[in-house]
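Trainee: The following block contains the structure, expressed as structure tokens.
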Amino acid sequence: MSQCSAPPVDPNAGGITERVGTKTVVGGAPLSDDPQALRDSAIRLAEAGKVRAAIPLFQAAVALRPSDPQAHSDEGVSWMRLQEYPESWGAFKRALDIDPSHGLSLQNKKELIAFLQQTPDGKAIMRNNLARPKPRPPRQREHVVTDIPVLAAVPTDTAWWRSPFILRETRGRKRRERQANASSLEAALKAAFPDGRAEYYPGGMVHAGVKPTFVPLPEALFRLRGPAGNAAKAYLQLNLSPERWERMLELAGVSMPSFISQPGSPVSPGTLPGGACHAAMEAANQSANFELETHWRLLIMGGGAGAGMFLHSDTLRTSSWQMQIRGRKKWHLCSGPGGQQAASHTYCGAGVLDTFDPDYRQCAAFKNAKCQEGVLAPGQVLYYPEDYWHQTISLDEGAAAVSGTVITPSNGAMVASELRAECEGANRIIARGSTQLCAAMATCLESWTLLAGGKVPASSASTQAEPARAPGKVVQQIGRFADGRP
């Protein structure tokens with residue numbers, strides 16, 4: 001599914017590089033759940049100014065080496081740089097409870113005390129002297145937040161695809177959900193897809209710049225549900241081909257939402273609407289390639305409670321749905337006024353603001369945002385239209401969902417235009433040289449354009465380059481990690 005498309009993988013990030021389809025991936029021991037490897041990755045992120053993204057990896061190292069004072073001290077330094085002083089004090093206290101003479105922890109705590117002594121709140125932190133302080137309550141929200149409408153049925157005789165909703169269908173879903181959880185979902189997935197390769201985020205998806213490791217699905221599931229994955233709120237995505245999709249629904253004990261038409265059906269909207277589109281993809285043997293390149297359909301799983309994905313908009317301007325199959329997930333949706341470009345100014349870019357705990361100093365314009373929020377329970381389906389920005393957080397450990405992409409009369413022409421640009425050289429999603437896929441897509445793009453009431457343009461040979469990403473802002477260097485590194 002396009003909105004959760006993995007960021008490009010850096011072949012120079014360490015590990016063993018290889019090719020999977022058209023993508024370069026990184027794997028091997030340097031990115032395994034080895035405490036030292038996790039810690040080294042976290043320090044690299046922190047040194048690049050991505051301190052908040054580093055914290056889950058430090059916490060994973062702590063989970064694997066709870067008696068190592070250095071692991072706790074590293075976490076404390078990160079909290080200190082984010083000015084989250086109770087958490088920083090607690091981490092240094094844990095380190096010194098393990099080893100009262102640990103030099104770096106003593107040095108970092110001394111530096112922290114210099115900050116805390118300057119304010120009454122800081123003095124209270126030292127007085128309380130808590131190794132595990134209570135979590136800070138979320139900041140008060142100033143932007144508009146209303147409930148996502150919950151429907152018992154979708155009125156399919158209306159333009160239902162224009163607004164978000166949560167569908168609470170009762171056609172045996174509770175029974176199927178109980179059946180799906182009677183045995184381990186992880187065991188069933190390992191048995192069904194032993195050769196699957198998952199996009200695994202060992203530190204979760206807390207920042208727009210995080211990159212996945214591509215690892216065998218059995219290994220990813222083992223790490224996700226292990227102590228490191230739980231502590232770091234790790235995140236997993238598995239692209240599903242049409243054949244694997246049917247098997248996935250069977251394993252989960254669910255069926256497609258009632259408002260989605262099946263591939264090959266002439267009824268629209270749908271996953272791949274239009275019999276001619278489906279026939280063209282199948283005849284060229286490109287259905288699986290298309291869905292994998294575009295992240296059209298996915299399995300999504302979180303490690304510990306709190307796993308989720310940062311605020312972002314979809315790569316393709318499609319609509320999407322997500323069905324919860326285990327655990328609960330909280331959603332925050334914000335409409336994109338004037339399309340993605342205008343919304344990016346309102347929301348200050350992907351991953352800048354945490355909508356569940358907004359610090360408006362990071363994005364003052366977000367105070368004007370109009371958003372919706374809701375919790376998705378097992379068996380329920382969330383739908384949102386194109387251009388909606390969204391952030392998620394799992395409320396339960398091991399929460400899992402299946403997700404699909406939708407073409408509607410509102411987005412058909414836009415998506416067709418984007419995919420034509422891909423085939424003409426944009427290459428944000430579809431790799432260069434995918435001539436067979438682009439040829440097979442022609443029928444689909446035409447049907448999607450006509451679905452929206454538009455005209456099919458003549459082919460263009462123009463190419464577009466992906467704009468360069470701005471480097472992340474470096475956070476002020478406070479405290480020291482091991483080996484004297486600032």
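The values are calculated or read from the model by the stated rules, or taken from the named source; none is laboratory data. Here the structure is a predicted model, which means the values were calculated and not measured. Heads up, the Cβs are rebuilt from the backbone with ideal geometry, glycines too, and the neighbour counts pull from every protein chain shown.
Trainee: Checking S101 against (1) hydroxyl-bearing (S, T, Y); (2) in a loop (DSSP other than H, G, I, E, B); (3) surrounded by 10 or more Cβ atoms within 10 Å (Cβ to Cβ), which single condition isn't satisfied?
Mentor: Only one criterion in (1) hydroxyl-bearing (S, T, Y); (2) in a loop (DSSP other than H, G, I, E, B); (3) surrounded by 10 or more Cβ atoms within 10 Å (Cβ to Cβ) is unmet by S101, namely (3).
Trainee: So if I check each of L298, L353, L382, L333, which one is more than 22 Å from P149 (Cβ to Cβ), assigned to a strand (DSSP E or B) and at pLDDT 90 or above?
Mentor: One residue alone meets the criteria, L298.
Trainee: With respect to the numbered conditions (1) within 34 Å of the chain's Cα centre (by Cα); (2) modelled with pLDDT of 90 or more; (3) not in a strand (DSSP E or B), which one is the sole condition not fulfilled by K174?
Mentor: Exception for K174: condition (2).
Yes/no per residue for (1) in a loop (DSSP other than H, G, I, E, B); (2) within 21 Å of Q362 (Cβ to Cβ); (3) out of contact with any His (no Cβ under 9 Å at 6 or more places or on another chain); (4) modelled with pLDDT under 95:
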{"residue": "Q3", "(1), (2), (3), (4)": "no, no, no, yes"}
{"residue": "P11", "(1), (2), (3), (4)": "yes, no, yes, yes"}
{"residue": "Q36", "(1), (2), (3), (4)": "no, no, yes, yes"}
{"residue": "S41", "(1), (2), (3), (4)": "no, no, yes, yes"}
{"residue": "A46", "(1), (2), (3), (4)": "no, yes, yes, yes"}
{"residue": "L57", "(1), (2), (3), (4)": "no, no, yes, yes"}
{"residue": "A61", "(1), (2), (3), (4)": "no, no, yes, yes"}
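Trainee: Considering the range 186-235 alone, what residues qualify as being buried (at least 19 other Cβ atoms within 10 Å of the Cβ) and in a helix (DSSP H, G or I)?
Mentor: L189, L217, A220, L221, R223, L224, A228, G229, N230, A231, A232
Trainee: For a quick check of your reading of the model, give me the residue pairs whose first member lies in the range 201-214 and is on the phi < 0 side of the Ramachandran plot and polar (S, T, N, Q), whose second is at pLDDT 90 or above and outside any strand (DSSP E or B), with beta-carbon atoms closer than 8 Å and at least 6 apart or on different chains.
Mentor: T213/P202
Trainee: To continue, here is another question. Out of curiosity, is A377 assigned by TED's automatic domain parsing to the domain that holds S184, surrounded by 23 or more Cβ atoms within 10 Å (Cβ to Cβ) and either closer than 21 Å to M256 by Cβ or in contact with a Gly (Cβ under 9 Å, 6 or more places away or on another chain) (or both)?
Mentor: Working: assigned by TED's automatic domain parsing to the domain that holds S184: yes; surrounded by 23 or more Cβ atoms within 10 Å (Cβ to Cβ): no; either closer than 21 Å to M256 by Cβ or in contact with a Gly (Cβ under 9 Å, 6 or more places away or on another chain) (or both): yes.
No.
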